[in-house]
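Worksheet: the structure to be examined is printed underneath.
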Amino acid sequence: MNATDDITTEESSAVTLDHVTRTYKRDEFEVRALDDVTLDIPRKSFVAIMGPSGSGKTTLLNLVTGIDHATSGRVAVGGEEISTMNEREIAAWRARHIGLVFQFYNLIPVLTVAIARAIVTDPTILVADEPTGDLDAKSAEEILILLTQLKTQFDKTIVMVTHDPRSERFVDAVYRLDKGVFTGAEKGGVSAKATAALQISA
Ligand code: ADP
Ligand code: MG
């Protein structure tokens, strides 16, 4: 599957990036953190943004949450264009539409609190930057199962930045970045199986 070839319309998309470029100035040099990225993330999906360190993963997440602005191009979340909002509008919008899931370390109870909030406030998307960070295999799997449950049982859309290959089998799709370029999306490993197992055990 290639996300840009998908027939998904913006109404069924949680996130749309349309020719998005983000450059930063460092001394006299220009760093192209994201380079003409066009992609779609469907609603009610759990996706991973993967790529080597410095490939633009956090930059992409920051654009989707309105923490940062694109240098050019268009960013829409839940069908709403956020790239044209001013700071006040974006702050109000973020409070309603974005759920942030922070790094968990070993605090599963904290995650349960984050999940409770996500369900109560019903944000358009949940975002997580490297949630399984330094976790051991078992804890990482618990986190990934909980995130999967948020999707299957509560219809959440989850966008997770990670370079943890253990997460691939839990997600619906992996979106790959390389040096700021989106190189395509592919289906996650055994996501369908993992989902079925969760529904049986629920
Ligand atoms: P990743 O999360 O994939 O490791 P980042 O999105 O953090 O990558 O960074 C992508 C590129 O943009 C890197 O070369 C990084 O150094 C650069 N970059 C990110 N944020 C800034 C910033 N605020 N100022 C200058 N350069 C930045
Ligand atoms: Mg990062």
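The values are calculated or read from the model by the stated rules, or taken from the named source; none is laboratory data. Being a predicted model, the structure only gives us computed values, none of them experimental. With ideal geometry, Cβ positions are generated from the backbone for all residues, glycine too; neighbour counts draw on all protein chains shown.
Structural remarks
- Of all residues in the range 45-66, those that are closer than 19 Å to SER83 by Cβ have Cβ atoms under 7 Å from Cβ atoms of residues that are acidic (Asp, Glu), 6 or more apart or on another chain, in THR58/ASP129; THR59/ASP68; LEU61/ASP129; ASN62/ASP68.
- Of all residues in the range 125-136, those that are touching a residue at least 24 places away in the same chain (Cβ under 8 Å) and on the phi > 0 side of the Ramachandran plot have Cβ atoms under 7 Å from Cβ atoms of residues that are part of a strand (DSSP E or B) and not charged (D, E, K, R), 6 or more apart or on another chain, in GLU130/VAL161.
- The numbered conditions (1) part of a helix (DSSP H, G or I); (2) hydroxyl-bearing (Ser, Thr, Tyr); (3) modelled with pLDDT under 95 are all true for THR8 except (1).
- All positions within the range 150-171 that are within 16 Å of ligand 2 (Cβ to nearest atom), farther than 22 Å from GLY66 by Cα and assigned to a loop (DSSP other than H, G, I, E, B): HIS163, ASP164
- Taken over the range 67-81, the criterion of being touching an Asp or Glu at 6+ places or on another chain (Cβ under 9 Å) and modelled with pLDDT of 95 or more is satisfied by SER72, GLY73, ARG74, VAL75, ALA76.
- Any hit, the range 176-191, residues being at pLDDT 70 or above, out of contact with any helix residue (DSSP H, G or I) (no Cβ under 8 Å at 6 or more places or on another chain) and part of a helix (DSSP H, G or I): no
- Every residue from the range 130-149 that is aliphatic (A, V, I, L, M) and in a helix (DSSP H, G or I): ALA137, ALA140, ILE143, LEU144, ILE145, LEU146, LEU147
- Residue in the range 41-58 that is over 16 Å from LEU100 (Cα atoms), within 13 Å of ligand 1 (Cβ to nearest atom), surrounded by 15 or more Cβ atoms within 10 Å (Cβ to Cβ) and among the polar types (S, T, N, Q) present: yes
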